[in-house]
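Peer 1: Would you mind keeping the following structure in view while I ask a few things?
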Amino acid sequence: PVDTTIPDPSLVVLIGAAGSGKSTWARTWAATQVLELDRFRALVSDDAGCQEATEDAVFALQAVLEARLARRKMTVVDATNCEQAVRASLISTARHHGVPTVALVVPTPASVCVERQKGRPANRRVPERAVLAQHAAMVAAWPGLPAEGFDHVVIAENLHRLQALLRPLSD
Ligand code: CTP
Ligand code: MG
């Protein structure tokens, strides 16, 4: 059975390699509902691609996440979230606030993710080996996501949210 359940409120954890389309999916929620790690990197360092700023960016993102979940606000975490420890921390935070969790997997083929890096500015371009490692981690994690504690595991391609986003563009 295909699960397309995204309760409101819930914590939606996007899971996908760089270039998979996570931020495009995230745009189907209100901007204030999306916590994008690249945006927090920019907020602390003026550079969305500054990897040295990651620790401070994660700290700031976590503070906003806690404040939102305490208010039971729909929240989407837009980062690769390909590492199990990162997902465990997000699930733990949501549980602390009694908010259900959704893993939203963005399973775009690795070759497409790699190709999409070419059009990006240099500071946002992720090396091919890193994209491939993220993609492999996403594929490896997928079957274990329910056991990790996610209440729902939703595959992005089963949703119709992008149609609503694209309709104004095609009119
Ligand atoms: N894109 C597309 N069709 C989709 C989704 C995305 O053509 N269905 C394009 C976007 O327009 C963008 C690129 O693919 O140019 C990457 O999408 P993005 O949402 O930015 O990918 P992210 O997963 O957010 O990448 P990153 O992790 O690097 O932020
Ligand atoms: Mg993005």
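Peer 1: Given (1) on the phi > 0 side of the Ramachandran plot; (2) buried (at least 21 other Cβ atoms within 10 Å of the Cβ), where does Leu14 come up short, assuming only one miss?
Peer 2: With (1) on the phi > 0 side of the Ramachandran plot; (2) buried (at least 21 other Cβ atoms within 10 Å of the Cβ) applied to Leu14, the lone miss is (1).
Peer 1: Can you tell me how many residues within the stretch 107-142 are closer than 13 Å to Ile15 by Cβ, more than 9 Å from ligand 1 (Cβ to nearest atom) and open to solvent by less than 70 Å² (accessible area, probe 1.4 Å)?
Peer 2: Here the count works out to 6.
For every residue, the table says whether it meets (1) polar (S, T, N, Q); (2) under 19 Å from Ala130 (Cα atoms).
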{"site": "Gly19", "(1), (2)": "no, yes"}
{"site": "Thr32", "(1), (2)": "yes, no"}
{"site": "Leu43", "(1), (2)": "no, no"}
{"site": "Met74", "(1), (2)": "no, no"}
{"site": "Ala110", "(1), (2)": "no, yes"}
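Peer 1: Quick one: in the stretch 64-100, which of the residues that are within 16 Å of ligand 1 (Cβ to nearest atom) and of a type outside the set (A, V, I, L, M) is surrounded by the fewest Cβ atoms within 10 Å (Cβ to Cβ)?
Peer 2: Glu83
Peer 1: Being touching a helix residue (DSSP H, G or I) at 6+ places or on another chain (Cβ under 6 Å) and under 15 Å from Thr80 (Cβ atoms) is the filter; apply it to the stretch 22-36 and report the residue that is farthest from ligand 1 (Cβ to nearest atom).
Peer 2: The residue in question is Leu35.
Peer 1: Among the residues of the stretch 44-63 satisfying the criterion of being outside any loop (DSSP other than H, G, I, E, B) and surrounded by fewer than 15 Cβ atoms within 10 Å (Cβ to Cβ), which is modelled with the lowest pLDDT?
Peer 2: Gln51
Peer 1: Any residue in the stretch 14-33 that is closer than 22 Å to Arg120 by Cβ and away from ligand 2 (no atom under 13 Å from the Cβ)?
Peer 2: Within the stretch 14-33 (the criterion being closer than 22 Å to Arg120 by Cβ and away from ligand 2 (no atom under 13 Å from the Cβ)), the answer is yes, since at least one residue qualifies.
Peer 1: From the list Val112, Val99, Val105, which one is under 20 Å from Glu83 (Cα atoms) and of a type in the set (Val, Ile, Thr)?
Peer 2: After ruling out the rest, the residue left standing is Val105.
The values are calculated or read from the model by the stated rules, or taken from the named source; none is laboratory data. What you see is a predicted model; the values in this text were computed from it and never measured. Here the Cβ is made from the backbone with ideal geometry for all residues, glycine too, and neighbour counts use every protein chain on show. Note: areas computed on protein heavy atoms with side chains; ligands, DNA, RNA excluded. Shrake-Rupley method; radii C 1.70, N 1.55, O 1.52, S 1.80 Å.
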